[in-house]
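One structure below.
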Amino acid sequence: MMGLPEGVHFKNPELLWLLILVPLMIWYFFRVKRHTRPRIRISTTEAFRYYRPTLRQRLVNLPVALRIVAVALIIVALARPQTTSKGSNITTEGITIVVALDISTSMLAEDFRPNRIEAAKKVAMEFIAGRPTDLIGLVVFSGESFTQCPVTSDHAVLLNLIREIKPGMLQDGTAIGDGLATAVARLKDAKTASKVAVLITDGVNNAGSVPPLTASEIANTFGVRVYSIGVGTRGTAPYPFQTPFGTQYQNMEVQIDEALLTKIAETSGGKYFRATNNKKLEAIFNEIDQMEKSKVEVTEFRRYSEEYLPYALLAFCLLMLELILRYTWLKSIP
């Protein structure tokens, strides 16, 4: 019998019980039919010692075998073997995110390991790697702002651009309003259902042309939710500076305008976080990741393919071959 394709199932499996007819047909032929054939008694078979049956005589039972196999194939065809292919339609309601990262020189403070900016880059990259279906961009700011990477789905390019960030790329200072306004400009035309800005800074707004609260109001107007993160320990932090004798450290007071950052977040429907160490910063990004989940709808479907036709065709061919042999070449055996 033909081998069944992998993953086959039967539409009418109860009909397979009819296969019990196959051994009954075999039993009938060999036990009943053969006993009805005429027999001749002879005293000795010495005269037939060197007799060799012809090919036709050897194949005398071939029509019966063909009929039995054909019956088995017909039963399998009636049981309607089918194969199933599974698939799914995935609809993703993604999120567009822009990370606005402060790269002022104060981000070199080493109250984080190895310093604030490297710690922020590390957790931002992990955050991006965990959101493969979202469009994500990057804005950097210090005394001015710059789009390091427009919103993109090519996260490999984005991650490489994050690795290249270092303080001193822009005029020094802390232009929080400009950084947020640039992020909003990248987000305002996004077609996704949710638009998010993650603002990371360690200081007080002291530069730029856009007031931070004005930028937050613009964000709210365009439906951009802002999560603001203040980066820095409480009290003082070791800050490196170069001298003729190498790198020296000075403890600098940590000044973060938490009231402003809280107001920025609340105006746009977001939330303010304070990160005082590496673990806290990682926990904050994990919390944002949980709050801003992409909506993914998966619709599964199945396709059924009828597989009975090959069995039916083969059964028909075997029955035709049986009839041809029975009434032609094997019609009579000398």
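Readers should treat all values here as calculations from the given coordinates under stated rules, not as data from a laboratory. Computed from a predicted structure; not experimentally measured. Backbone-built Cβ (ideal geometry, glycine too); neighbour counts: all protein chains shown.
Things to note:
- Computed from phi, the 3J(HN,Hα) profile of the range 98-106 under the Karplus parametrisation 6.51, -1.76, 1.60 (θ = phi - 60°) reads 10, 8, 9, 10, 6, 10, 5, 5, 5 Hz, with x in place of Gly and Pro.
- Debye-sum result for the range 95-293 in log10 I(q)/I(0), which assumes one identical scatterer on each alpha carbon, at q = 0.16 Å⁻¹: -0.95
- All Cα pairs of the range 98-179, percent lying beyond 14 Å: 60
- Whole-Hz couplings from phi, Karplus 6.51/-1.76/1.60, listed for the range 116-132; x for Gly and Pro: 4, 5, 5, 5, 5, 4, 4, 5, 5, 5, 5, 4, 5, 4, x, 10, x
- Once the convex hull of all Cα atoms in the range 139-256 is built, its volume per residue stands at 121 Å³.
- Applying both filters, DSSP loop and at most 11 other Cβ atoms within 10 Å, to the trypsin sites (Lys or Arg not before Pro) of the range 149-220 gives Lys191.
- Electrostatic tally near Gln171: other residues with Cβ closer than 12 Å to its Cβ, Lys and Arg +1, Asp and Glu -1, net -3.
- Ordering Met291, Met125 from the fewest to the most neighbouring beta carbons within 10 Å gives Met291, Met125.
- Dividing the mean sequence gap of close Cα pairs (under 8 Å, 6+ apart) by how many residues the range 95-293 holds gives a relative contact order of 24 percent.
- The range 303-319 versus the range 179-250: alpha-carbon centroid distance in Å: 69
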